[in-house]
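Taken together, the values in this text are just the output of simple stated rules run on the coordinates, not laboratory data. Keep in mind the model is a prediction, meaning the values are calculated, not measured. Here the Cβ is made from the backbone with ideal geometry for all residues, glycine too, and neighbour counts use every protein chain on show.
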Amino acid sequence: MDLKGYFGRFGGRFVPETLIPALEELEEAFYKAINDEAFMAQYRYLLKDYSGRPTSLYFADRLSKHLGDIKLYLKREDLNHTGAHKINNVLGQILLALRMNKKRIIAETGAGQHGLATATAAAKFGLECHIYMGLEDMHRQALNVYKMRTLGAEVIPVTSGTMTLKDATNEAIRDWVTNVSTTHYVIGSVVGPHPYPMMVREFQRVIGDETKEQILQKEGRLPDLLVACVGGGSNSMGMFYPFVNDKDVKMVGVEAAGYGIETGQHAAALTGGSVGVLHGSRSYILQDGNGQIVPAVSISAGLDYPGVGPEHSFYHETGRVHYTHATDDEAIEAFKLLCETEGIIPALESAHALAFLVREHKNIEPGTLAVLCLSGRGDKDMEAIKGKLFEEEM
Amino acid sequence: MKTLNEAFDAGKILIPYIAAGDPDLDTTAEIIGELDKLGVGIIEVGMPFSDPLADGPIIQAASQRALAGGTNISRIFKMLEELRDVKTPIVLMGYFNPIMKYGEKSFIEDALSCGVSGVLIPDLPFDEGKEFYDICSEKGLCPIYMVTPNTKEERLSQIGSKARGFLYCVSLLGITGDKRGPIEGIKSYMERVRSHVSVPLALGFGIDSPDKITAVKPYVDGIVIGSAIVNIISEKADMGRKAIVNEVSVFTSALIDALRTALQP
Ligand SMILES: Cc1ncc(COP(=O)(O)O)c(C=O)c1O
């Protein structure tokens, strides 16, 4: 990354002038913090004793058998406090907000996992918290809405545009422009203007750092293959980044193909979009011929976003990471498979990553040592999936 | 058509903003004609974007209506091309993605060829858009930069040295249509900006009445009125083009009066 926050030709700071001082302040605070042992010690302490890290790296033996000759480990981010990887980033950013003396916290949320993690950390540190959430997503993820409200956060329904994550992000940015002197905006993925993509990556890299240590301990070697789902791209970036220079480790990012890329109804910015500017950075996005943003479509609220982090766009073009996609139906199949073979109910987002292995395992070399980032647990999706799994009975 | 510099020759000016294509481009063209006759200083023409993150609900809704009606950059250029007898300079305002998609160089060329004087892009700060803005300046399309009450001195002087035409001073920390605007300390804000900038200063965001104009006019060279006009257009939309143009005309005249009336001693 260069000094202006570019990964190759992707990234940057495409925001209203009002936000420039806040982004500069945040960048400075971030660099100071990560070089300050006291800050890092507090961050690590919270990850360990509050969130329960390190999360386990679990050998999924029955699932492995099902996938032919792949030896598959699951990085259990679902075991974090609040049930997903999102808390890793939130704890870092909340500690930063405290250092910058910002007492008001805002966030956008799609699946509600990022909103829930933010509401949780805000409660823990006694900060005022407002979560923007598309009305459509509030219906899809009602359980998380109740949880956030129980934790004392105000959940603000967003009724503009498609009423999903993209619109919630617009509203959060407008709030930040309006309340910039008192407020920290906790962005939930490796998206947005510089320094967010780099900063969120640094707060999520604990996933990959731990994985490396754990797999070396268990297998005595690095994995051949890493697989993760890609919405904005934070769990995947957190998993991939520490391995980027390990040339023999293949990486696969799985986007949401909704009803199928060919239908145009999907959320696959890298594999089905083109380069543009959305929410503060240049990256791959879903847009029409006039440069208007095209709504994303996916059964998974956390992947239902028409953009992707700029560093992913960079790895897409350099070829370091291979990006592919899985449809709603494939994700549901994978969801069932993980429940039945391992007794783990995954988030629908994470099920997309597994769907890639289910579909492609015949083309993967026997004996491959693979790690899949199980980014979250599925409690939040039970309502959405009910109709799909038990159509006849219910 | 006058240049942006000439627009400020006659003293303090009004700069109305309208959302192109709301309710349709023919109405937009008629409103531009009417504003020209009334003697406004500059006309800001908004190009719709699906995700206008510096705009409040009024301009968001207008953009949605314009997009639903099929408005795009090519059609806006076509409309402007047919307005050749308008004397008031026109500045296009819009977000960067549609401009990128249109093609940055083609956008600049086509804007110039239909007589546009400047371009204002709220999500493209001066340093991020250096390449684009340098080409604009070189070809004669004025890049209109924005500054805000929290812009630091060093940045103000960098922006000041690049500014052409005029500088857009946002009246508060907020989005368009924010009723709180302008901030209390407008006098010292404008003085601070002026110490770094030699082009005329226009103030905008949240200015929606003759009273607010009277309050801020001593400190500025131009006043931008956006959401208040866009709101009138949407409220009269059902009553037809004539009613819309008429209502905008009455409101704008009152604003111009407020701007031109001598200050009470
Ligand atoms: C469990 C889970 N996985 C993945 C994602 C997608 O986000 P990202 O690509 O940033 O990891 C989300 C987003 O809400 C999520 O809740």
DSSP beta bridges in the protein assembly as shown: the antiparallel percent, rounded to 5, is 20
Expected max-MSF residue from A:L98, A:L79, A:L135 in the GNM of chain A (alpha carbon, under 10 Å) is A:L98
Candidate cut points under GluC sites (Glu not before Pro) in the range A:296-394, DSSP loop plus at most 11 other Cβ atoms within 10 Å of their own Cβ, are A:E391, A:E392, A:E393
In whole angstrom, the spacing between the Cα centers of the range A:179-205 and the range A:19-88 equals 15
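On alpha-carbon atoms, Rg over Rh for chain B using Kirkwood Rh?
Working: Rg = 17.0 Å, Rh = 18.3 Å.
That ratio equals 0.93.
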Sorted by chain and number, the residues with a modelled amide H under 5 Å from that of A:R53, at a separation of 5 or more or across chains, are A:K48
For the pair A:K4 and A:E317, the simple spin-label estimate (label points 7 Å beyond Cα toward Cβ) gives in nm 1.3
Listed by chain and number, the residues whose amide H is under 5 Å from that of A:E108, excluding neighbours fewer than 5 places away on the same chain and using placed H, are A:Y132, A:G188
Scoring chain B by relative contact order with C-alpha pairs under 8 Å, at least six apart, yields a percentage of 22
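Which whole DSSP H helices in chain B pass both tests: a Cα extent of 27 Å or more along the axis and a mean Kyte-Doolittle value no lower than -1.0?
Qualifying helices, which must be both long enough and hydrophobic enough, are B:241-260.
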Going residue by residue through the range A:49-56, the Karplus relation 6.51 cos²θ - 1.76 cosθ + 1.60 with θ = phi - 60° gives ³J(HN,Hα) values, rounded to whole Hz and with x marking Gly or Pro, of 8, 8, 8, x, 6, x, 6, 6
Beyond 21 Å (Cα-Cα) in this structure, taken from B:K12/B:K152; B:K87/B:K212; B:K179/B:K242; A:K75/A:K218, we find B:K12/B:K152; B:K87/B:K212; B:K179/B:K242
Once the mean of 1/r over all distinct C-alpha pairs in the range B:115-193 is inverted, the Kirkwood radius in Å reads 13.4
Here the longest stretch of chain B that holds no GluC sites (Glu not before Pro) in a DSSP loop having at most 15 other beta carbon atoms within 10 Å is B:83-183
With Cα springs under 10 Å, the Gaussian network model of chain A assigns the largest mean-square fluctuation among A:G126, A:G83, A:G220 to A:G220
Taking Cα atoms only, helix A:328-342 is inclined relative to the longest principal axis of chain A by an angle, in degrees rounded to 10, of 70
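List the equivalent ellipsoid semi-axes of the protein assembly as shown in whole Å, largest first, each obtained as the square root of 5λ for an eigenvalue λ of the Cα gyration tensor.
Gyration-tensor ellipsoid for the protein assembly as shown: 48, 25, 22 Å.
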Listed residues A:G152, A:G231, A:G188; largest mean-square fluctuation, Gaussian network over chain A with Cα springs below 10 Å, found at A:G152
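What do you get for trypsin sites (Lys or Arg not before Pro) in the range B:25-89 restricted to DSSP loop and a cutoff of at most 14 other Cβ within 10 Å of the site's Cβ?
Here the sparse-neighbourhood loop sites are B:R84, B:K87.
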Non-local residues with an amide H under 5 Å from the amide H of A:L278, with H modelled 1.01 Å from N and Pro and chain starts lacking one, are A:S283
Loop-resident trypsin sites (Lys or Arg not before Pro) in the range B:167-258 with no more than 13 other Cβ atoms inside 10 Å, DSSP not H/G/I/E/B, are B:K179, B:R180
Check: C-alpha center the range B:113-139 vs C-alpha center the range A:307-335, spacing in Å is 34
At R0 = 51 Å the Cβ-Cβ FRET efficiency linking B:D257 and B:A68, nearest 0.05, sits at 0.90
Per the C-alpha gyration tensor (a ≥ b ≥ c, the square roots of its eigenvalues), the range A:289-394 is rounded if a/c is under 1.5, else prolate if a/b beats b/c, else oblate; here it's oblate
Residue by residue through the range A:33-42, the couplings from Karplus 6.51 cos²θ - 1.76 cosθ + 1.60 with θ = phi - 60°, in Hz, x for Gly and Pro, are 5, 6, 9, 10, 4, 5, 5, 5, 5, 5
Over chain B, the sum of -39500 (n - 2.57) across DSSP H runs of at least four, divided by residue number and rounded to 500 deg cm²/dmol, gives at 222 nm -13500 deg cm²/dmol
Counting only DSSP beta bridges fully inside the range A:31-137, the antiparallel percentage to nearest 5 is 35
Measuring from the longest principal axis of the C-alpha atoms of chain A, the long axis of helix A:113-125 (C-alpha) lies at a number of degrees, nearest 10, equal to 50
For the range A:247-260, in residue order, the Karplus 3J(HN,Hα) values (coefficients 6.51, -1.76, 1.60; θ = phi - 60°; whole Hz; Gly and Pro = x) are 4, 7, 8, 7, 10, 10, x, 10, 8, 8, 9, x, 7, x
Taking the alpha-carbon centre of each part, the distance from the range B:220-265 to the range A:220-286 in Å is 49
For the range A:1-84, averaging the sequence separation of alpha carbon pairs under 8 Å that lie six or more residues apart and dividing by its residue count, the contact order in percent is 17
